[in-house]
1. Of all residues in the range 12-46 being among the aliphatic types (A, V, I, L, M) and part of a helix (DSSP H, G or I), which is modelled with the highest pLDDT?
2. With respect to the numbered conditions (1) modelled with pLDDT under 75; (2) surrounded by 11 or more Cβ atoms within 10 Å (Cβ to Cβ), which one is the sole condition not fulfilled by residue 9?
3. Among the listed residues 50, 3, which satisfies the condition of being surrounded by 10 or more Cβ atoms within 10 Å (Cβ to Cβ) and modelled with pLDDT of 80 or more?
Amino acid sequence: MDRMVNTLIGSNDNFVSKYYSAREILNLGHSFTKFRGTAKDRMWLEMLCREQLQNLRA
């Protein structure tokens, strides 16, 4: 997959940078923020995410 994405360098740099950013391996053993909860439906999940983001910004 990387070889195919590398063919886009120069013509679609935005996609290439986002592709490689999405491939970063996250160290799940250490986290600074924990997200806990149970998703009931999409609206509830979106509300919970908004609250978590507001708490991070505060």
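1. The residue in question is 16.
2. For residue 9, the exception is condition (1).
3. 50
The values are calculated or read from the model by the stated rules, or taken from the named source; none is laboratory data. What you are looking at is a predicted structure, and each value in this text was computed from that prediction instead of being measured. Using ideal geometry, Cβ is built from the backbone for each residue, glycine included, and neighbour counts are taken over all protein chains shown.
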